[in-house]
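The structure appears below as structure tokens.
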Amino acid sequence: MSSSGDLDALVRAEFGRTFGGAPTAMARAPARVELLGNHTDYNGGLVIAAAIDRYTEIAGRAVEGRLARVRSVQFSAGDEFAVDRIEPGADGSWGRYVRGVLWSLGERLNVRGGFEAAIAGDVPLGAGLSSSASLQAALAMFLIAAGVVEDPAVLDERPPCAGRADELRMALAQMLQRGENEFVGVASGLLDQFSVLFGKAGFALSLDCRSLEFARLSLGEPAPAIVVCDSKTSRRLADGMYNKRRAECERVVTYFGARWLRDIALEQLEQHWDRLDPVGRLRARHVLTENARVQRGADALRAGRLAEFGALMSASHASSRDDFDNSAPALDALIEAAEAAPGFLGGKLSGAGWAGCTVNLVETGRAGAFAATVSERFARRFGTVPDVHVCHAAAGATAWTATI
Ligand code: GLA
């Protein structure tokens, strides 16, 4: 892991090497973990997440003309495109995400001209920590700070007032989600973009994906560590499975003639159990019980009952594994390895599932011992050593003017 100071220096140096001169604006966005609320977001449900202290950072400046030139340190590659004629570029590439941000902002905001930007980051890629939403949010903040794209404040005619900054961030999160869904072609919910934009150090974030009501909830003092254990198993499978699960949930929604799965009560599901398709009803039971766990989790955080919150995370993992069927032997093994490890409060698979990471809440002073124990136990069983990242809840995306 590099500190944010290292990333600053790295991205500035890359900017100078690639484009010459100095950047005028910088931006940074965190990664995210989902703490509770697995596969609830696109079902209009409830979720609790946190932004974490792994970042994407951008240094750049506006230029005359309509050309965008970007350089990624992590991919050792560049991209170039005209901001008025944005073609998607290669499938699944980081460049497609970059272009998608311009496309989605440009749908609602005036794109004033071209830009040059260097991008660096220490978010593990493809590990389920939303490196893509982190990139999107950092780029959007940079484009606005550098004056390449007009400020979203133009979307709100009211004078500055309480809550306006958050409303604008929510509008931005939705634009970026649309970019990911329609331009990049990945059918995800709002969770990722919301989390990386709304983070607060030491706080979790709750979101009602139907009403878009949200809250920042303290994780207590001292805040627990958020320990991400990466099984390093390939997430390629996850894309097809994600859409399959969405369709399975949709079938139950159609059966009840509802708008969202969220609108159906658990009792209704139980009453119709025998008439429902045997796969869809399990998926629905997970989503509905998960919404209830998120509600109880939010109450537990408000009352400072962290152990209860942790137990709900572990219950969430069991429900994902048994009803939503999106766990995997490696993820179950990581959770089993965590269960008796020092400082463990609770843990679950993170994000889509099937591969990638688990997220664990761990008493802050014991995170090192926890990491060593999980690594050792997992390695003994699987023969591979997981990557363990000890993280903390962090602030959301920000931008600033670059000084030399
Ligand atoms: C992925 C998606 C999110 C969410 C999670 C599952 O991370 O990007 O929108 O659906 O899976 O909760």
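Nearest 10 degrees, 0 to 90: what angle lies between the long axis of helix 164-178 and the longest principal axis of the chain (Cα atoms)?
Relative to the chain, helix 164-178 is tipped by roughly 80 degrees.
Let's test this: bin the Cα-Cα distances of segment 220-391 at 10 Å from zero up to the farthest pair and state each bin's percent.
10, 34, 31, 19, 5, 0
Can you put Y55, Y255 in order, fewest other beta carbons within 10 Å first? Write down the numbers at each step before the final one.
Values: Y55 26, Y255 17.
Going from least to most buried by this count: Y255, Y55.
Per the helix-only calculation at 222 nm, which mean residue ellipticity applies to the chain, given -39500 (n - 2.57) for every DSSP H run of n ≥ 4 and division by its residues, nearest 500 deg cm²/dmol? Intermediate values should be presented prior to the final figure.
Working: 11 runs with 160 residues, N = 404.
When only DSSP H runs of four or more count, the value is -13000 deg cm²/dmol.
Per-residue HN-Hα couplings for segment 112-126, Karplus 6.51 cos²θ - 1.76 cosθ + 1.60 at θ = phi - 60°, whole Hz, x for Gly and Pro?
After applying 6.51 cos²θ - 1.76 cosθ + 1.60, I find 7, x, x, 7, 10, 8, 10, 10, 9, x, 10, 7, x, 7, x Hz.
Determine, for C161, C357, C391, the number of other Cβ atoms within 10 Å of each Cβ, and report the residues in order from fewest to most. Numbers along the way, then the final one.
Values: C161 9, C357 28, C391 21.
In increasing order of surrounding Cβ atoms, one gets C161, C391, C357.
Alpha carbon centre of segment 73-92 versus segment 282-358: separation in Å?
37
If you line up the long axis of helix 306-319 against the longest principal axis of the chain, both from Cα atoms, how many degrees apart are they, to the nearest 10?
So the inclination is approximately 80 degrees.
If amide H atoms are built 1.01 Å from N in the plane of the peptide, which residues on other chains or at least 5 residues away come under 5 Å of the amide H of T233?
Under 5 Å from the amide H of T233 lie the amide H atoms of G356, each far enough along the sequence or on another chain.
Per-residue counts of other Cβ atoms within 10 Å, averaged by peptide: what ranking do you get for 11-20, 217-226, 359-368, highest first?
Details: 11-20: 17.1, 217-226: 18.7, 359-368: 21.6.
Ranked by mean Cβ neighbours within 10 Å, highest first: 359-368, 217-226, 11-20.
What is the ratio of the Cα radius of gyration of the chain to 2.2 N^0.38 Å, where N is its residue count, to two decimals? Display every interim value, and only then the final one.
On the way: Rg = 21.0 Å, N = 404, 2.2 N^0.38 = 21.5 Å.
Taking N as the residue count of the chain, the ratio is 0.98.
Compute the angle between helix 236-256 and the longest alpha-carbon principal axis of the chain, please, reported from 0 to 90 degrees and rounded to the nearest 10.
60
In what order do L36, L205, L345 fall by count of nearby beta-carbon atoms within 10 Å, going from fewest to most?
On the way: L36 29, L205 24, L345 21.
Ranked by crowding around the Cβ, least crowded first: L345, L205, L36.
Using the beta-carbon distance between D332 and R66 and R0 = 41 Å, what value does 1/(1 + (r/R0)^6) give for FRET efficiency, to the nearest 0.05?
0.20
Can you run phi through the Karplus equation (6.51, -1.76, 1.60; θ = phi - 60°) for segment 280-288 and list ³J(HN,Hα) in whole Hz, with x for Gly and Pro?
Per residue, the Karplus-derived 3J(HN,Hα) values read x, 5, 5, 4, 5, 4, 4, 4, 6 Hz.
I need the shape label for segment 293-354. Rule: rounded when a/c is under 1.5, else prolate if a/b > b/c, else oblate, with a, b, c from the alpha carbon gyration tensor.
Numbers: a/c = 2.93, a/b = 1.42, b/c = 2.06.
Oblate, since a/c reaches 1.5 and b/c is not below a/b.
Rounded to whole Hz and in sequence order, give me ³J(HN,Hα) for segment 131-138 from the Karplus expression 6.51 cos²θ - 1.76 cosθ + 1.60, θ = phi - 60°, writing x for Gly and Pro.
Once θ is set to phi - 60°, the couplings for segment 131-138 become 4, 6, 5, 4, 4, 4, 5, 4 Hz.
Under a straight-distance cross-link criterion of Cα-Cα below 27 Å, which lysines are reachable from K200, leaving out those fewer than 8 residues away in the same chain?
Straight-distance partners of K200: K348.
Laboratory data are not the source of any read-out in this text; all were calculated from the coordinates shown. Just so it is clear, the structure is predicted and the values come from calculations on it, not from any experiment. Using ideal geometry, Cβ is built from the backbone for each residue, glycine included, and neighbour counts are taken over all protein chains shown.
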